[in-house]
Amino acid sequence: MNARAADEQKVALVTGGSRGIGRAVVVRLARAGYDVAFTFRQDAESARATAAEVTGSGRRAFYRPVDACDEKEVAGFAAGAREEFGRLDTVVASAGITGALGWDAVSSEEWRSVFETNLVGQYWAVRTTASDLKKTRGSVVLVASIGGLTAYPEQVAYAAAKAGTISLARSLAFALAPEVRVNAVAPGWVRTDMTAGLYDEPRARAAIVRGIPRGRWGEPDDVASAVVFLASDGARFITGETLVVDGGNVLSWRAGRRR
Amino acid sequence: MAFSYSTLFLPGSVFDLSDSVVLVTGGSRGIGRAVVLELARAGADVVVHYHTREEAAASVAQEVRALGRESMVVAANVAKREQVERMVRAAGEWKGRLDGLVTSAGVYRGPSIEEVTVEGWEEVFEKNLGGTFWAVRAAVPWLRKAPAPAVVTISSIFGSHPGIGGAPYQMAKAGVEQLTRALALELSPEIRVNSVAPGFVRTDMNRGAHEDPEFHRAIARATPLGRWGEPEDVAPAVRYLLSRESDWVTGAVLGIDGGIALR
């Protein structure tokens, strides 16, 4: 491989990069040759471990605790990444939270926090980096969910926010074209801290697998591969799309399941 | 090492297809040809199907060999089920295996409803939809024996968005998308089936359209990314969807259209 000039070293910014899908994305991007700036909320130990994987791949890591829905904090983090790395080629908005279980259990405070963290935070991640991305003709990948595509009565606020993410990808794709591409991935049931409560409960775990035609839970890496593809030059004519990464889950409505 | 197309898509890095045999229908020209070459760069040995352009197919096969992979060509009219079955058998028997199938053979006709003839209707349905279905059906026994089998169908932006003229083509492509979902479900968990839906891509199929300067400009202007697609814009997605890296993706339809359908 030819050695490349430092000004060709590509840089990614990932929100929610210390755990789950975001962490897998950080690690995969580093292996693909990116320096990576990532945010985390509170788990500094996981953030350090993620950063160690980045540096283990021979790339640089820059990470800070950031409230992903606070416009000023996100802008401050982007400025820090800009100062550290000098450019930005890819933004992946992965920070997310779920709310209380049950359609009638969501408080108005929780509507706000679920929407702000999952959806509004993704908007700020793009808004505060758009001018950097325009310079490099970069790209954005937003992490949505199949909850944004199908009924999810257990998590009505989360599902509505993720449907918002899919919409946001379309509008931002239009707004930032032709320089910047914006796409989303919609993961199904992926084994992360967010879903550990269900995965660790044998009956819930098995019930979920019955709805997945591929016959297994997803791993964070399954989603990270899709993100890496959409961020890459191989996806140069793809924008505004949502790629479903769910083992076929959305195909498997009730009448479509094997009995 | 910087992150770029050339490094990301090297064999052995990611989206690798080493040690696999893939049949690409309609591989002599257009999107199919770009797919053949992309898969060869990913490390696959490729069977190149063609209908009438034997020389073009032979030249694509030669390009595959120049990339260090093996290739053979096979002729068939995909409107004829027996010929499709013979094509798939030849592809499978070549190396005694078939790991992937890409159904890129197709034909576009854009008549108004009054101009649609029985022959035109049959041609468009048999080639685009029948040709895809019978190829997948014939490939299933081979694919079931493969370690990580995958099918990628080629739909079109006209499979989900209407245009004026060519209703049968649009209906056939909508059929390809539903075929993709139906078979993704039915063939799970063993065989993955996904689709890509290209927008306006410059190929022989629509030469009349993109060689008309006014239409060419109009489409480029209407496309958020500001240009027509090239066959090489479609091929990497097919590569990703055939690779083990997309092991948890099935039944997906991925638009590759520069954003032209966004509004």
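Scan the stretch A:214-228 residue by residue and report those that are in contact (Cβ under 8 Å) with a residue 60 or more places away in the chain, of a type in the set (Gly, Ala, Ser) and either more than 7 Å from chain B (Cβ to nearest Cβ) or closer than 13 Å to residue B:189 by Cβ (or both). Once the filter is applied, which keeps residues that are in contact (Cβ under 8 Å) with a residue 60 or more places away in the chain, of a type in the set (Gly, Ala, Ser) and either more than 7 Å from chain B (Cβ to nearest Cβ) or closer than 13 Å to residue B:189 by Cβ (or both), the stretch A:214-228 yields only A:224. Given the structure, is residue B:206 polar (S, T, N, Q) and more than 23 Å from residue A:240 (Cα to Cα)? Yes. Of A:102, A:33, A:58, all but one fail to be at positive phi, within 14 Å of chain B (Cβ to nearest Cβ) and either at pLDDT below 95 or in a strand (DSSP E or B) (or both); the exception is A:33.
Of the residues making up the stretch B:160-186, those that are within 14 Å of another protein chain (Cβ to nearest Cβ), of a type outside the set (Asp, Glu) and part of a helix (DSSP H, G or I) are B:178, B:179, B:180, B:181, B:182, B:183, B:184, B:185. Exactly one residue out of A:106, A:156, A:180 is surrounded by 22 or more Cβ atoms within 10 Å (Cβ to Cβ) and farther than 23 Å from residue A:65 by Cα: that is A:180. Which ones in the stretch A:162-187 are within 10 Å of another protein chain (Cβ to nearest Cβ) and free of Cβ contacts under 8 Å to residues at least 12 places away in the same chain? Scanning the stretch A:162-187 gives A:171, A:175, A:178. If you check B:113, B:164, B:154 for being among the β-branched types (Val, Ile, Thr) and either within 15 Å of residue B:25 (Cα to Cα) or open to solvent by less than 10 Å² (accessible area, probe 1.4 Å) (or both), only one passes: B:154.
Here is a check on your reading of the model: is residue B:208 under 29 Å from residue B:52 (Cα atoms), open to solvent by 40 Å² or more (accessible area, probe 1.4 Å) and small (Gly, Ala, Ser)? For residue B:208, the condition - under 29 Å from residue B:52 (Cα atoms), open to solvent by 40 Å² or more (accessible area, probe 1.4 Å) and small (Gly, Ala, Ser) - is met. The single condition among (1) at the interface with chain A (Cβ under 9 Å from one of its Cβ atoms); (2) open to solvent by 10 Å² or more (accessible area, probe 1.4 Å); (3) under 12 Å from the mean Cα position of the chain (by Cα) that residue B:242 does not meet is (1). Sub-7 Å Cβ pairs linking a first residue in the stretch B:41-56 that is among the charged types (D, E, K, R) to a second residue that is part of a strand (DSSP E or B), at least 6 apart or interchain, are B:45/B:21; B:45/B:71; B:54/B:75, ordered by first then second residue.
When the stretch A:229-244 is limited to residues that are open to solvent by 20 Å² or more (accessible area, probe 1.4 Å) and facing chain B (nearest Cβ under 7 Å), the one that is modelled with the lowest pLDDT turns out to be A:233. Only one of the numbered conditions (1) among the β-branched types (Val, Ile, Thr); (2) facing another protein chain (nearest Cβ under 8 Å); (3) within 17 Å of the chain's Cα centre (by Cα); (4) more than 26 Å from residue A:10 (Cα to Cα) is not met by residue A:250, and that is (3).
The values are calculated or read from the model by the stated rules, or taken from the named source; none is laboratory data. Because the structure is a prediction, the values reported are computed rather than measured. Neighbour counts run over all protein chains shown; Cβ positions are idealised from the backbone, glycine included. Side chains are part of the model used for accessible areas, which takes the heavy atoms of the whole protein and leaves out ligands, DNA and RNA. Shrake-Rupley method; radii C 1.70, N 1.55, O 1.52, S 1.80 Å.
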